[in-house]
1. Spin-label point model (7 Å from Cα, Cβ direction): what's the ASN334 to LYS247 distance in nm?
2. From the C-alpha coordinates alone, can you work out the Kirkwood hydrodynamic radius of the chain, in Å?
3. Taking the Cα centre of the chain as origin and charging only Cβ (+1 Lys, Arg; -1 Asp, Glu), how large is the dipole, in debye to the nearest 20?
4. To test your reading of the geometry: what angle, between 0 and 90 degrees and rounded to tens, separates the Cα axis of helix 85-108 from the longest principal axis of the chain?
5. Once you order the gyration tensor axes a ≥ b ≥ c over the Cα atoms, which shape class does region 129-196 get: rounded for a/c under 1.5, otherwise prolate or oblate by comparing a/b with b/c?
6. Which aspartates and glutamates, if any, have their Cα less than 17 Å from the Cα of LYS156, not counting same-chain residues under 8 positions apart?
7. Ignoring everything except DSSP H segments at least 4 long, calculate the 222 nm mean residue ellipticity for the chain; use -39,500 (n - 2.57) per segment, divide by total residues, nearest 500.
8. What is region 77-153 by shape, rounded, prolate or oblate, if you read a ≥ b ≥ c off the alpha carbon gyration tensor as root eigenvalues and call it rounded for a/c under 1.5, prolate for a/b larger than b/c, and oblate otherwise?
Amino acid sequence: MKSLWASDVEIGGKNPLNDDLKVEVAIIGAGMSGVLCAYKLKEKGFDVALFEAGKTGCGQTKNTTAKITSSHNIIYDYLIKHFGQDLARQYAMANEKAITDYENIIKKHNISCEFEKADSYLYTNCEDNNFTKEFEAAKSLGLPVELVYEIELPIKIKTAIRYKNQAMFHPLKFINHISRDLTVYENTKVTAVTEISDERYNFVIDANNHKVLAKYVVVASHYPFINVPGYYFLRMHQERSYVIGLKNAPLPEGMYLGVDSDGLSFRKSKNILLLGGAGHRCGDEGKIDCYNYLKLKAKEIYPGSCVEYMWSAQDCVTVDKVPYIGYFSADNKNMFVATGFGKWGMTNSMVAANIISDLISGIDN
């Protein structure tokens, strides 16, 4: 079955690359991070082209739950302990800024994409001291959080952390709109990126049997296909998560994520309730039928509901839980990467666009 987002939006419509090309910035991958990066760079006056093997937004962007939030599961206590207060605050504030950036872009271009401000909740049904530590960590970083003991969902909880003024939207309606005025070559597979010595250009890109000369390259292809340098295949693993869309279920005003091992994700989209969970590391499927598990949970929590949509996403998770955003390697200041967003691709895509567009512009971020 299609994801909910792909059910009412026709994605794609751009032509493939059919000739050699010269461009200032070449972005590989036209998902949310690539498109936002192109948008930001074009606003700064750069000549930008996107190269997409499929169609715009056809990868993980169409499979997201599309929560725009800084509530990235249990993360902030970990970040403070491993990276310190200052770097943890940078992560938190960058993701809070991403929410505002989405809202500003949507208002500026009058984009009809079901954007809605809502609170986001992390909940637990366990007496867990680590959960309280997470709240204290998030609060110490300046995030808009409070502890609550009741939520609107028909499930039992012990405690929840409420993140105020977060957001949700329809990702394909958004990406379709902002990519209209961008140069995107769809059905254009990049097979090689080679560094060259040239007065104006630093790279030659092989795509659709054509050559693209570029001064800068941004690899935003979800999982980097270039192994050396970077060695990202050694520094990430992939996880799969599942979503079903329910009709005839009460629609919550907020967004929810359970942090326990059997925790579930909830959010609404118009008259559909999105219920997610049953995630696992790729290759560790075990004996559970993930969709059936969610269906059983749906019948337990919402007896009168029926399944209208089913889909899954596959996310790149880094070894230290922090996305890889910035220079592709320490030795090359003209190639950039955006990957390893975990399950938080919407805010981290905006963070990546802000950081990379600033780096290319020579702005300290």
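Each reported figure results from applying straightforward, stated rules to the coordinates on display, with no laboratory input. Quick caveat, the model's predicted, so the values are computed rather than measured. Don't worry about glycine lacking a Cβ; one is built from the backbone with ideal geometry, like all the others, and counts go over all protein chains shown.
1. Roughly 5.5 nm, to one decimal.
2. Values: mean 1/r = 0.0472 Å⁻¹.
Hydrodynamic radius (Kirkwood, Cα pairs) of the chain is 21.2 Å.
3. Dipole size: approximately 540 debye.
4. Between helix and principal axis, roughly 80 degrees.
5. prolate
6. Partners within reach: GLU127, ASP128, ASP260, ASP262, GLU300.
7. -8500 deg cm²/dmol
8. Values: a/c = 3.49, a/b = 1.42, b/c = 2.46.
Oblate, because a/c is 1.5 or more while a/b does not exceed b/c.
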